[in-house]
Amino acid sequence: MNIPEDWIYRKGARRISEVPEEILMALHAGKLETVNLTEWLAMDSRRFMDNMVRELKLEAHHDQLLLSATPLEEEGPSKRLVRIADALIKAFANDPAGTDKLAHLTSHTSDMARSWANGVWVRIPRISLEEKLEHSRAFAADEHFGVREFAWLLLRPFLMQEQELSIALLLPWTQDENPYLRRFAIEVMRPRGVWASHWSSLKADPTPALPLLENCRADTERYVQLSVANWLNDASKTQPDWVKDVCNRWKKESDARATRWIVNHAQRSMRKQNKG
């Protein structure tokens, strides 16, 4: 399939019904990345899996893989991705070329394929948290928004099991030159992640994660600033006094424009509550 240049630089449809069939065909064939959430939601994971089975020569596992990609009622995308990843792990484990096929999926043109590969790497049995985090690095730094979001969603449950170690491992990420990695280190530990389970211990006591936030309190990238502000806003739902103290201290210690923006945005829920 030849991909015209204007397809690559398209803006993307605003409604699922408006996604052109030729674009959907290219997406399902793995020849294009999605350019927005609308296109991603328009994709049929079964149709895409059917094509990936042939591309990866996994016909012996066709039925199991297709079943894993079948949407279940009231199941979110993250849970389906986990099912797909676990099915792929089994398929690759019994394949002499499994390692090469996983590598192919990891560098695939399709953002959906790369997210599936991310799921496999994170969920491979019997690897340490350090190894899971290292495997997540490329996906956390991916240029595609969807791959980056799934990167933290997939890793978060494992980090929650080892909070102290997770914070220690993520601290260097908050000082990485790549803003995507800095943002990942904050976003993955949010107390009340929008698409993820709540982190109960951080809702009760946000203090252990403060070193991560401190390293990014004057970050120059709005992408990172927003994550820090959202983290504090999450914490304000259960520990408002703690958030007020942090914000007041930051205002005194830093005159950076970024810090002022973070502090203001972090307290938006508390302002609404006071107005109510």
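The values are calculated or read from the model by the stated rules, or taken from the named source; none is laboratory data. Model, not experiment: these values are computed from the prediction. Heads up, the Cβs are rebuilt from the backbone with ideal geometry, glycines too, and the neighbour counts pull from every protein chain shown. Just so you know, the surface numbers come from the protein's heavy atoms only, side chains and all, with ligands and any DNA or RNA stripped out. Shrake-Rupley method; radii C 1.70, N 1.55, O 1.52, S 1.80 Å.
Using θ = phi - 60° in the Karplus curve 6.51 cos²θ - 1.76 cosθ + 1.60, the 3J(HN,Hα) couplings for the range 108-115 round to 5, 4, 6, 5, 5, 5, 5, 5 Hz; x is entered for Gly and Pro.
Counting only Cβ charges, +1 for Lys and Arg and -1 for Asp and Glu, the dipole size of the chain around its Cα centre is about 1180 debye.
Debye sum, Cα scatterers, the chain, no solvent: what log₁₀ I/I(0) at q = 0.07, 0.13 1/Å? The calculated log intensity ratios at q = 0.07, 0.13 Å⁻¹ are -0.29, -0.92.
How large is the dipole of the range 66-156 about the Cα centre if only Lys and Arg carry +1 and Asp and Glu carry -1, each at its Cβ, rounded to the nearest 20 debye? Mind dumping the intermediate values first?
Details: 12 positive and 13 negative charges, 37 e Å.
Taking the Cα centre of the range 66-156 as origin, the dipole is about 180 debye.
Ranking TYR9, TYR180 by solvent-accessible area of protein heavy atoms (1.4 Å probe, all protein chains present), from largest to smallest, gives TYR9, TYR180. The calculated P(r) of the range 103-162, using every Cα pair and 5 Å bins from 0, goes 4, 22, 34, 24, 11, 5, 1 in percent. Helix 222-236 and the long axis of the chain differ in direction by around 70°, with both axes built from C-alpha atoms.
Specify whether the C-alpha gyration tensor of the range 1-152 places it in the rounded, prolate or oblate class, a ≥ b ≥ c being the square roots of the eigenvalues: rounded for a/c under 1.5, otherwise prolate if a/b is larger than b/c and oblate if not.
Since a/c reaches 1.5 and a/b is larger than b/c, the shape of the range 1-152 is classed as prolate.
The string of couplings for the range 69-81 from the Karplus curve (6.51, -1.76, 1.60, θ = phi - 60°) is 8, 7, x, 9, 4, 6, 9, x, x, 5, 5, 5, 4 Hz, one whole number per residue in order, with x for Gly and Pro. Protein-only accessible surface at a 1.4 angstrom probe places the residues ILE16, ILE23, ILE3 in the order ILE16, ILE3, ILE23, largest first. If you run the Gaussian network model on the chain, springs between alpha carbon atoms under 10 Å, then out of ASP44, ASP219, ASP63 the most flexible one is ASP63. Phi angles of the range 193-198 translate, via the Karplus equation with coefficients 6.51, -1.76, 1.60 and θ = phi - 60°, into HN-Hα couplings of x, 4, 9, 10, 5, 5 Hz per residue; Gly and Pro are given as x. Per the Debye formula on identical point scatterers at the alpha carbon atoms of the range 176-276, with no solvent, log10 I(q)/I(0) at q = 0.10, 0.12 Å⁻¹ is -0.24, -0.34.
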